[in-house]
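What follows is a short report on a single structure.
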Amino acid sequence: MLQFSGHVTFAQNQYELNEGWKCAPIKTVKDDGKTISKTGFSLAGWKPAVVPGTVLTTLLANKEIPDPFYGLNNEKIPDIYDTGREFYTYWFVKEFKEPFPANDDQVWLKFRGINYSCEIFLNGSKINTTAYEGMFLRQSFNITPFLSKDGNNRIAVIVHPPDPVGKANGGQGGDGMIAKNVSIQYTAGWDWIRPIRDRNTGIWDKVYIEKTRSVNLKDPHIITLVPGRRTPEGNQQPAVIKVTADLENPGNKPVEGLLQYVIEGNKVSKKVSLAPHTTKTITLDDFTLKNPKLWWPAGYGKQYLYKAQLQFLEKGNIQSDSETVTFGVREIQTDWNATTGSRQIYVNGQKIFIKGGNWIISDAMLRFSEERYDAEVRFHRDMNLNLIRIWGGALVERPEFYQACDKYGMLVFQDFWISGDCNGRWVDPQKKEDQWTRRKYPDNHTLFLKSAEDMIKMVRNHPSLAIWCGGNEITPPEDILVPLRDSILPKLDGTRWFVEYSNSDSMSYNSLGGNGDGPYGIQPISTFWENRTFPFNSEVGSVGIGDYESLKRFIPKENLNVPKFGTSDKPDSVWTYHTYTGVGYNQYIEPYGPSKDIKDFALKAQLVNYDQYRGLIEGFSAHMWEWYTGVIIWKTQNPWTAMRGQMYDYYLDPNACLYGLKSGSELLHVMCNPVDGMVMIVNNDFKPYRNLMLVVKTYDISGKREKLVTQVFFKYRACFI
């Protein structure tokens, strides 16, 4: 306790429990959780565990399995469908020092993610009295009564895999049964990844201890309203800041105090009374921020971020708890473009042509880090993109991902955990009833909605979050969709565009048939210019094989041969396993001459990569506001060692796709239409460009410059779209 000028402050204390964990498979442990969680219980023979992590990351760290991302190693690891769930059911134990608190102080144990269900014990007592299940649900436990008097404490957590685990039969999400859980779906396999053998079972996200006084301040929420349509350089009208927070009183006595926040030295406060054993959402008075510095998507202005400090002061002067929230002043709007037949997005009143990339997850085995998130999001900024879509077969991305998007100006299109491939989108004429049963997945709709509420609270303060989406290529079941759309999101957020599914007609009116997206795979460059696709295309993609250095990292030397082409050639098993089959490079590489060896092949593949993605983004930009309001590339990254749909490989090694996008996505860009040979300029910026001179030089096939040089002087705004 520190005292200044009569004001008593309790310094908030929070720390992570991310080292010193041990684990053991359930089949080797005969004792129960109450016994295991006592400090006197021997952990002899238990092995070091990776937390945050999964069972597989622990086995890999202990060198009990080979690297599943290399060669055919993944085939050497037992799959949970064959072994049974008990094989990957593990105990995780952690000892920590925390003295028994004095007075009304409280100590909280917090989990940010466990997959899939668990029981939690501390010092001989079970602390989760109700079932804890679902991959996307944070949990907080008041462990004050269970702490040891001598300060030596032990946590024991038994983690059970999803149920059912799904059969990895080569389909999208395997046999689709993984979707019966409120969990990640790709772990049973997809067309861009092989099965994750433990289905990512484990304490996969952060665990930490937080200390407060009698009242816990949690889930603060900041909304910013930006009036007027101003450019980043113009004079900006004042912004309105709206703030709420939840206050929890776990004690037996009522508490009175003051909830306040401070922004830029300005303080807003409100008197609060809390009954025992209650949690109350408090709304504070709005604050008007004069001369606000706005947050803009990449390329359109700076990503200015403010900090707000929230405090609850018991009796008006004793700090019980505090939270600091980083936020950006920005507002998202949308309207319908009748010309294109699609939705268009505004940020702070300015219309933004969406150039985005689809994102699966940073690492398929959930090995996340702030540094990797920062690098991957920075790559997207460097490609001159302005949006990342989080695909529905994965997760609501972590706060560290969103922090990187806030920093680099990437808007985020966030799906919930539904995918048409697993949740009944594809109708098998032989099994219509089975498909309708799948349409009701997941089994526990209440858990889905509870998890959705929690994830909304976790990321809603990030200015980068722009769009919520019900699911990938399909809506959630009706009794999930309706409360999510009509009550939960309006109540807990209400500031973003909600799309019912990723290629919904409300997003992009589909008059062309199909699923509302594509085409996929390598295309003649002219396709992107002359063939009209869907006006806000959520998935359109091509190739992405890495360079020679990239291939060497995951393909054994004996398999590093130029892939065969032709129906009579048997494809290499390693290349096929890592999703090369069907990519179809060869006929596009052949014009550059036969590949002498694998180095030559990979180098020529980069020429194809560059042309594909520069042509793709130029073709869509050429019809901005005429045919299109946005395009999202499928996909810009891989969470494992695959060979299709990536601008950089799993090891963060860029390939030429990245540079093709970087060039073709410039705000002010000169390009040549490959269909008619016309040269044009696209201006994606807010501001006009005048008095420009364009010099056009031509070269023959050998690289020699021809005599023809054309100079065109543009007197007016350079935007001929």
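Before moving on, here are some points about what is shown:
- Just one of (1) surrounded by 21 or more Cβ atoms within 10 Å (Cβ to Cβ); (2) at pLDDT below 95 fails for ARG229. It is (1).
- Some residue of the stretch 639-653 being at pLDDT below 90 and charged (D, E, K, R): yes
- From ALA364, ALA452, residue being in contact with a Pro (Cβ under 6 Å, 6 or more places away or on another chain) and closer than 17 Å to ILE184 by Cα: ALA364
- Count of residues meeting criterion [part of a loop (DSSP other than H, G, I, E, B), touching a residue at least 40 places away in the same chain (Cβ under 8 Å) and either among the hydroxyl-bearing types (Ser, Thr, Tyr) or surrounded by fewer than 20 Cβ atoms within 10 Å (Cβ to Cβ) (or both)] in the stretch 78-92: 2
- None of GLY514, GLY544 is assigned to a loop (DSSP other than H, G, I, E, B), within 28 Å of the chain's Cα centre (by Cα), modelled with pLDDT under 90 and over 30 Å from THR437 (Cα atoms) except GLY544.
- Inter-residue pairs, beta-carbon under 6 Å, first part of a loop (DSSP other than H, G, I, E, B) and at pLDDT 95 or above and in the stretch 285-296, second of a type in the set (Val, Ile, Thr) and surrounded by fewer than 22 Cβ atoms within 10 Å (Cβ to Cβ), 6+ apart: ASP285/VAL268; ASP286/VAL240
- Test for ARG154: is it within 26 Å of SER214 (Cα to Cα) and basic (Lys, Arg): yes
- Of the strands (runs of 3 or more DSSP E) lying entirely inside the stretch 578-688, the ones with 2 or more residues being open to solvent by 20 Å² or more (accessible area, probe 1.4 Å) and out of contact with any Pro (no Cβ under 8 Å at 6 or more places or on another chain) are found at 668-672, 679-683.
- Unique match (being among the polar types (S, T, N, Q), within 27 Å of LYS491 (Cβ to Cβ) and over 15 Å from the mean Cα position of the chain (by Cα)) among ASN444, ASN384: ASN444
- For GLU86: the one exception among (1) of a type in the set (D, E, K, R); (2) more than 29 Å from the chain's Cα centre (by Cα); (3) under 27 Å from TRP575 (Cβ atoms): (3)
- Among strands (runs of 3 or more DSSP E) entirely within the stretch 93-197, having at least 1 residues that are open to solvent by less than 10 Å² (accessible area, probe 1.4 Å) and under 24 Å from ARG367 (Cα atoms) singles out 106-111, 117-122, 152-160.
- The set of residues in the stretch 438-448 being assigned to a helix (DSSP H, G or I) and open to solvent by less than 30 Å² (accessible area, probe 1.4 Å) consists of LEU447, PHE448.
- Residues in the stretch 419-451 that are among the aliphatic types (A, V, I, L, M) and modelled with pLDDT of 95 or more: 2 in all.
- The stretch 198-212, residues that are buried (at least 23 other Cβ atoms within 10 Å of the Cβ) and out of contact with any helix residue (DSSP H, G or I) (no Cβ under 7 Å at 6 or more places or on another chain): ILE203, TRP204, THR212
- Taking every residue in the stretch 452-476 that is farther than 10 Å from GLN414 by Cβ and pairing it with any residue that is open to solvent by 10 Å² or more (accessible area, probe 1.4 Å) and in a helix (DSSP H, G or I), at least 6 positions away or on another chain, the pairs with Cβ-Cβ distances below 7 Å are ALA452/ILE488; GLU453/ILE488; GLU453/LEU492; LYS457/LEU492; MET458/PRO399; ARG460/LEU492.
- Of the residues in the stretch 195-209, at least one is more than 18 Å from ARG439 (Cα to Cα), among the aromatic types (Phe, Trp, Tyr) and out of contact with any Ser or Thr (no Cβ under 9 Å at 6 or more places or on another chain).
- Enumeration of residues in the stretch 247-257 that are open to solvent by less than 40 Å² (accessible area, probe 1.4 Å) and over 32 Å from the mean Cα position of the chain (by Cα): ASN249, PRO250, GLY251, VAL255, GLY257
- Cβ pairs under 7 Å, 6+ apart, first in the stretch 122-141 and without any contact (Cβ under 8 Å) to a residue 24 or more places away in the chain and closer than 20 Å to LYS34 by Cβ, second acidic (Asp, Glu) and open to solvent by 10 Å² or more (accessible area, probe 1.4 Å): ASN128/GLU119
- Pairs where the first residue, in the stretch 656-675, is over 19 Å from ILE545 (Cα atoms) and the second is in a strand (DSSP E or B) and among the basic types (Lys, Arg), C-beta under 7 Å, 6+ apart: SER665/LYS355
- Condition met for GLY265 (surrounded by 15 or more Cβ atoms within 10 Å (Cβ to Cβ) and of a type in the set (Gly, Ala, Ser)): no
- Residue that is of a type in the set (D, E, K, R) and either over 24 Å from GLU473 (Cα atoms) or touching a His at 6+ places or on another chain (Cβ under 9 Å) (or both), where the choices are ASP406, ASP363: ASP406
- Any hit, the stretch 285-306, residues being farther than 30 Å from GLY409 by Cβ and of a type outside the set (A, V, I, L, M): yes
The values are calculated or read from the model by the stated rules, or taken from the named source; none is laboratory data. Quick caveat, the model's predicted, so the values are computed rather than measured. Virtual Cβ from ideal backbone geometry, glycine too; neighbours counted across all protein chains shown. Each accessible area value is taken on the protein alone, full model and side chains, heavy atoms only, with ligands, DNA and RNA left out. Shrake-Rupley method; radii C 1.70, N 1.55, O 1.52, S 1.80 Å.
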